[in-house]
Amino acid sequence: MSKKQAATKDLYDVAIGGGGYVGLTLALALKQSEPSMKIALVDLRPRSAIENDPRSSAIAAGAVRMLEQLGIWHQLEAEAQPINEMIVTDSKLHDSVRPVFLTFAGDVDEGEPFAHMVQNNHMVGALHDAATQEGVHIFAPDSVKDFAVEPASVQITLGEGKTIHSRVMIAADGVRSKLRDLAGIHCNRWSYNQSGIVTTVAHERPHNGRAEEHFLPSGPFAILPLKGNRSSIVWTEKTAEANRLVNGDEFTFEIELERRFGHHLGEVKLAGPRQAFPLNLVLARSFVSNRFALAGDAAHGIHPIAGQGLNFGFKDVAALSEVLVDAHRLGLDIGAAHILERYQSWRRFDTWQMGMTTDVLNRLFSNNIDPVRAVRDIGLGLVERMPFLKKSFIGEAAGMAGPSPKLLMGNPL
């Protein structure tokens, strides 16, 4: 086989680095919409490693519509827990009563909750299997060792030594993206000196689909409903305290957990492993470069206070897949600068706005200053009394605020 024939054989339309929910959903959306497109996905993890993620995530209604359109949701729906209501409190840790300042209830459309809780391993496993069945070429376990941009393609060197070419390369390899660094894209970043403790608990009484977010001086403590009498916990603490709690004995952890969780759902017990993740704000200064684009956490890592990190990754997928498919159908070069710039203009401002919003919210609520607490509680109370404003917040939480890509509206590309 000649070098020219080999290059043609290994020329993909899109190569994606990273096989998490962003990379897999993008690969699946592109391949389903345009079966003629050749899609490569490179992931460090073998298929079996996907099953080891014990975490769960809140999937907004817009993302659910996209997963329905991609034929995935029916595999997840039976185990997914609808979030029917959400309450917000603001208190000190030792307060005996936590007054509810804000409540959210109601559907986006009739019978359509604004979010569901889904186990990560079920979601990513279903996406992986569907992408494989559709004909996405998955290199796993493997990695992108390096890449070089050529006039009409990107030459990609894999860790196992193979070389492939692609018209455009997408980095979906997480907040500590190696590919972003290789592309020379810089980030604005700072540390919150906080970590998010994530675990699953079992409790005596049913949650009835209610999510809770308790603003405490160290940061938000979120209780997110799962199937059965179980809930997912996202617990923000100062990093030193979080490490102490995660690495300490289970009895001490459960005592501290109960102080924050309360007794309204009866006895609470750990039902999963404890993990802690450092919380930082990371915003890429550019989402695109020459034949290269960032998506998901590689483009933005934001504080979980608003629960939008994963859903912003799904927004990236919906926008980027629409841009690439439109260009492909018009016979355009999908890696051209003006094509990728359309994606950047669609997503960058929205992402920076959310990054700044979560940063301000975290600074406003993660403190123990009484005058600040009084002002924020007045603000929460005003929102509670303004139905139209609450409705707009529900739309934002559902992932449908602003001009939404087709997939987030449940429409095909």
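For segment 235-250, indicate whether the set of residues that are buried (at least 18 other Cβ atoms within 10 Å of the Cβ) and of a type in the set (Gly, Ala, Ser) is non-empty. Looking through segment 235-250, at least one residue is buried (at least 18 other Cβ atoms within 10 Å of the Cβ) and of a type in the set (Gly, Ala, Ser).
Yes or no, residue by residue, for (1) over 24 Å from PRO46 (Cβ atoms); (2) modelled with pLDDT under 95:
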site	(1), (2)
PHE147	no, no
ALA172	no, no
HIS186	yes, no
ARG189	yes, yes
GLU204	yes, no
ILE223	yes, no
ASN229	yes, no
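Condition check for GLY135 on (1) modelled with pLDDT of 90 or more; (2) within 30 Å of ILE369 (Cβ to Cβ): one failure, at (2). Within segment 219-234, being assigned to a strand (DSSP E or B), more than 17 Å from the chain's Cα centre (by Cα) and not aliphatic (A, V, I, L, M) holds for GLY219, PRO220, PHE221, PRO225, ARG230, SER231. Checking each residue in segment 188-220 for being hydrophobic (A, V, I, L, M, F, W, C) and either assigned by TED's automatic domain parsing to the domain that holds ALA152 or farther than 25 Å from ASP53 by Cβ (or both) picks out TRP190, PHE215, LEU216.
The values are calculated or read from the model by the stated rules, or taken from the named source; none is laboratory data. For clarity, every value in this text was computed on a predicted model and none was experimentally measured. Every residue, glycine among them, receives a Cβ derived from its backbone with ideal geometry; neighbour counts consider all protein chains shown.
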